[in-house]
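Trainee: Quick one: the structure is below, and I'll ask about it shortly.
The values are calculated or read from the model by the stated rules, or taken from the named source; none is laboratory data. What you see is a predicted model; the values in this text were computed from it and never measured. Reconstructed Cβ throughout: ideal geometry from the backbone, glycine too, with neighbour counts over all protein chains shown. When the accessible area is computed, the model is the full protein with side chains, heavy atoms only, and any ligands, DNA or RNA have been set aside. Shrake-Rupley method; radii C 1.70, N 1.55, O 1.52, S 1.80 Å.
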Amino acid sequence: MDSATPPSSTANNPAPATRVALSQIFKVFFMAGAVSFGGGVVAYLREYLVRGSGWLSDEDFMSALEISETLPGLNSVNIAVITGDDLRGVPGAAVAVGGLMLPGAVIVMALGLLWDQSRHNVTVSHFLLGIAAAAAGLLLVVSLQLGKQQLARMPDLAIVIATFVAVSILKLSLAIVLIVIGTVAIWLYRPHPARPPAPEHLPFHRGPRHNHYRR
Amino acid sequence: MNWQLVKLALVFMMLSVLAVGGGTAVLPEMEHATIHWFNLTDRQFRDIYSIGQVAPGPNMLMVLLIGYRLAGAIGAAVVGVAFFLPDCILTLAANRLWIRFAGSPWRQSVQQGMAPVAIGLMFSGTWAIAKLSLVHVVNQTPDFAAIGIAAVVTIVLLWRHINPGILVLLGGTAYVLVGR
């Protein structure tokens with residue numbers, strides 16, 4: 001194997017030979033931001049970054065997602081920062097985030113202005129209430145699906161319940177909940193010399209993405 | 001006036017760094033902050049959240065409208081920057097330092113420990129939206145039309161994958177037809 005070939009590049013996922021143009025980064029993230037109707041932006045990003053542009057291998061994408069999930073903030077925005085930074089540094093991150101948010105920001109503001117003018121319209125307010133009700137169902141399903149592993153084992157289930165009770169029933173401040181329950185949860189999973197790390201939790205290692213097309 | 005903008009910026013910067021596990025996690029705190037510290041009504045908060053659901057891109061772009069409602073176009077800009085910029089900077093820094101932590105056993109502890117906390121927060125976000133939409137705001141009695149819509153969406157999505165955007169629009173239409 002040619003030593004210049006990035007390890008993750010395969011026949012259907014070749015790495016670009018030249019560095020990616022900022023306008024290209026903007027375009028790809030703009031598209032993902034414009035078509036990701038109904039949420040699930042992460043799935044669209046995967047489509048555009050792995051299959052569309054071929055900038056990331058599937059493994060690169062999962063690695064970026066894993067970091068994004070550990071950090072605060074929206075996963076989609078964090079993925080844009082990481083991918084943009086890896087491709088073109090800070091300017092790359094800036095155009096990626098800008099592209100991702102621009103279409104939604106314009107549409108949200110336009111809808112908001114319309115809403116402002118029709119605040120006393122019963123049909124509009126009923127329509128929005130129905131959307132919120134549907135969103136409640138959607139959020140429940142997303143929480144159940146994302147939490148499949150955590151809801152099925154201890155001590156995770158106890159941590160899920162404690163967090164929910166602290167925020168929703170006791171109405172404690174989120175900062176306090178994160179500090180107290182977060183510390184306890186991390187301590188419960190503290191590194192243990194006698195317990196080797198479970199392999200299923202470290203499926204992806206940050207590798208090739210840092211060697212090829214970096215700035 | 002300016003004090004209001006400073007307060008908005010500080011509140012949304014705080015929400016930004018507390019958003020562990022995504023935007024849904026901070027919904028209860030955001031609802032509390034905007035309704036009790038600023039004079040947003042729960043109905044306005046709910047409507048703004050709904051508008052975020054029908055726009056493309058991250059749903060949490062709806063924070064722009066909270067800023068707009070409270071302080072006009074400047075408010076939208078301030079809230080947008082305050083809510084998104086701190087996380088972007090954190091992520092940028094972490095992206096460059098991550099490789100250093102890659103071998104640390106604590107990185108895995110943080111990931112495993114914070115995962116159930118993030119899930120608990122998602123349920124709290126779900127609860128916040130459910131409370132705003134499934135009971136009548138005025139007298140806190142159950143809104144059976146809304147509960148029916150939420151139940152149907154839940155069952156349909158557990159049964160098979162459908163673009164949630166379509167379900168959300170159908171939910172809005174259904175409430176126009178049967179709600180009161």
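Trainee: For residues that are buried (at least 20 other Cβ atoms within 10 Å of the Cβ) and more than 14 Å from B:PHE123 (Cβ to Cβ), scanning just segment A:151-193, find the one that is farthest from the other protein chains (Cβ to nearest Cβ).
Mentor: A:LEU178
Trainee: Return the pairs, sorted by first residue and then second, in which the second residue is of a type in the set (D, E, K, R), the first residue lies in segment B:114-125 and is more than 7 Å from chain A (Cβ to nearest Cβ), the beta carbons are less than 8 Å apart, and the residues are 6+ apart or on different chains.
Mentor: B:ALA118/A:GLU69
Trainee: Across segment B:2-23, which residue is farthest from A:ASN75 (Cα to Cα) among those that are without any contact (Cβ under 8 Å) to a residue 24 or more places away in the chain and among the aliphatic types (A, V, I, L, M)?
Mentor: Here the answer is B:VAL6.
Trainee: Out of the residues in segment A:89-124 that are over 27 Å from the mean Cα position of the chain (by Cα) and within 7 Å of chain B (Cβ to nearest Cβ), state the one that is surrounded by the fewest Cβ atoms within 10 Å (Cβ to Cβ).
Mentor: A:THR123
Residue by residue, here is whether (1) modelled with pLDDT of 55 or more; (2) part of a helix (DSSP H, G or I); (3) closer than 30 Å to B:GLU31 by Cβ holds:
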{"position": "A:LYS171", "(1), (2), (3)": "yes, no, yes"}
{"position": "A:VAL180", "(1), (2), (3)": "yes, yes, yes"}
{"position": "A:ALA185", "(1), (2), (3)": "yes, yes, yes"}
{"position": "A:PRO197", "(1), (2), (3)": "no, no, no"}
{"position": "A:GLU200", "(1), (2), (3)": "no, yes, no"}
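Trainee: With respect to the numbered conditions (1) out of contact with any helix residue (DSSP H, G or I) (no Cβ under 7 Å at 6 or more places or on another chain); (2) at pLDDT below 95; (3) within 24 Å of A:LEU178 (Cβ to Cβ), which one is the sole condition not fulfilled by B:VAL81?
Mentor: Only one criterion in (1) out of contact with any helix residue (DSSP H, G or I) (no Cβ under 7 Å at 6 or more places or on another chain); (2) at pLDDT below 95; (3) within 24 Å of A:LEU178 (Cβ to Cβ) is unmet by B:VAL81, namely (2).
Trainee: Criterion first (more than 7 Å from chain A (Cβ to nearest Cβ), open to solvent by 20 Å² or more (accessible area, probe 1.4 Å) and either charged (D, E, K, R) or under 18 Å from A:ALA105 (Cα atoms) (or both)) does B:ILE66 satisfy it?
Mentor: Judged against the criteria, B:ILE66 is not a match.
Trainee: So, A:PRO7, is that one in contact with a Phe, Trp or Tyr (Cβ under 9 Å, 6 or more places away or on another chain), at pLDDT below 90 and either exposed (fewer than 12 other Cβ atoms within 10 Å of the Cβ) or closer than 20 Å to A:ASP86 by Cβ (or both) or not?
Mentor: no
Trainee: If you don't mind, another one. Between B:ALA93, B:ALA82, B:ALA73, which is over 28 Å from B:GLY172 (Cα atoms) and open to solvent by 20 Å² or more (accessible area, probe 1.4 Å)?
Mentor: B:ALA93
Trainee: Modelled with pLDDT of 90 or more, surrounded by 13 or more Cβ atoms within 10 Å (Cβ to Cβ) and over 24 Å from the mean Cα position of the chain (by Cα), is that true of A:ALA135?
Mentor: no
Trainee: Residues of segment A:50-64 being crowded, with 19+ Cβ neighbours inside 10 Å and closer than 23 Å to B:ALA118 by Cβ, which ones?
Mentor: Passing the criteria: A:ASP60, A:PHE61, A:SER63, A:ALA64.
Trainee: Restricting the search to segment B:90-113, which residues are at the interface with another protein chain (Cβ under 7 Å from one of its Cβ atoms), under 21 Å from B:GLY22 (Cα atoms) and not aliphatic (A, V, I, L, M)?
Mentor: Listed by number, the residues that qualify are B:THR91, B:ASN95, B:TRP98, B:GLN108, B:SER109, B:GLN111, B:GLN112, B:GLY113.
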